[in-house]
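**Student:** One structure is given below, represented as structure tokens, and several questions about it will come after.
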Amino acid sequence: MAALTAREIMTPHIKSVPQSWTMQKFAKFLSDNEISGSPVIDDEGEVIGIATLKDIADFHLNNVSSDNEKRMNDDELKEARRLRQFIFEEMIKVPVEVRDIMTPIVFSVEEDATVKEIAEIMMGEHLHRIFVTHAGEVTGIVTTFDFLKIIADSQ
């Protein structure tokens, strides 16, 4: 199992999304394809980041700090909730694009990276997916699901 490489376990067909898609279109894309994240590409087709369901959730939960709320009295809490609701309602009117919510850091490994090397990077960086490259071009993706397939197949 440790001798397996990224090339052997990767998913070679990656569904990427343009940076200009709206968050709503992106969410529908993830749902329709039953995936939780996707590479983001620029106008030239280059991978510039990754966007996930977590990015959508983080955007919607943005700027909510329980530390500040602990210091507020009941009236201040009520006003803070009212302001958050107002801001959220106004933000819905402005189209949020994938480029606004994506993570611009792209982690990758070469096709000949071992499963052990990939696992160490993913655990060290708390990643659920990592791109696979060959000669600087993205050729696939390894996800936590790919690791589960390895375990299931070895049983």
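The values are calculated or read from the model by the stated rules, or taken from the named source; none is laboratory data. Please read all numbers here as calculations on a predicted model, not as lab measurements. FYI the Cβ positions are ideal-geometry reconstructions off the backbone, even for glycines, and counts take in every protein chain you see.
**Student:** Could you please find all residues in the stretch 16-29 being touching a residue at least 24 places away in the same chain (Cβ under 8 Å) and in contact with a strand residue (DSSP E or B) (Cβ under 8 Å, 6 or more places away or on another chain)?
**Tutor:** S16, V17, P18, Q19, S20, W21, T22, M23, F26 - these are the residues of the stretch 16-29 that are touching a residue at least 24 places away in the same chain (Cβ under 8 Å) and in contact with a strand residue (DSSP E or B) (Cβ under 8 Å, 6 or more places away or on another chain).
**Student:** Follow-up question, since we're still on this one. Taking the stretch 1-53 as the search range and keeping residues that are at pLDDT 90 or above and among the basic types (K, R), which one is surrounded by the fewest Cβ atoms within 10 Å (Cβ to Cβ)?
**Tutor:** If we take residues in the stretch 1-53 being at pLDDT 90 or above and among the basic types (K, R), then K28 is surrounded by the fewest Cβ atoms within 10 Å (Cβ to Cβ).
**Student:** Still on this structure: What residue, among those in the stretch 9-29 that are among the polar types (S, T, N, Q) and part of a strand (DSSP E or B), is nearest to E44 (Cα to Cα)?
**Tutor:** Selected residue: T22.
**Student:** Go through the stretch 136-149 and give me each residue that's at pLDDT below 90 and either loosely packed, with under 13 Cβ neighbours inside 10 Å or closer than 14 Å to K116 by Cα (or both).
**Tutor:** G136, E137 - these are the residues of the stretch 136-149 that are at pLDDT below 90 and either loosely packed, with under 13 Cβ neighbours inside 10 Å or closer than 14 Å to K116 by Cα (or both).
**Student:** When only residues in the stretch 107-155 that are farther than 22 Å from G45 by Cα and of a type in the set (S, T, Y) count, which is farthest from the chain's Cα centre (by Cα)? Step through it out loud before you land on a result.
**Tutor:** To start, the set of residues in the stretch 107-155 that are farther than 22 Å from G45 by Cα comprises 112-128, 144-155.
Filter again for of a type in the set (S, T, Y), leaving 114, 144, 154.
Working: T114: 23, T144: 13, S154: 28 Å.
Among those residues, the one meeting the criterion is S154.
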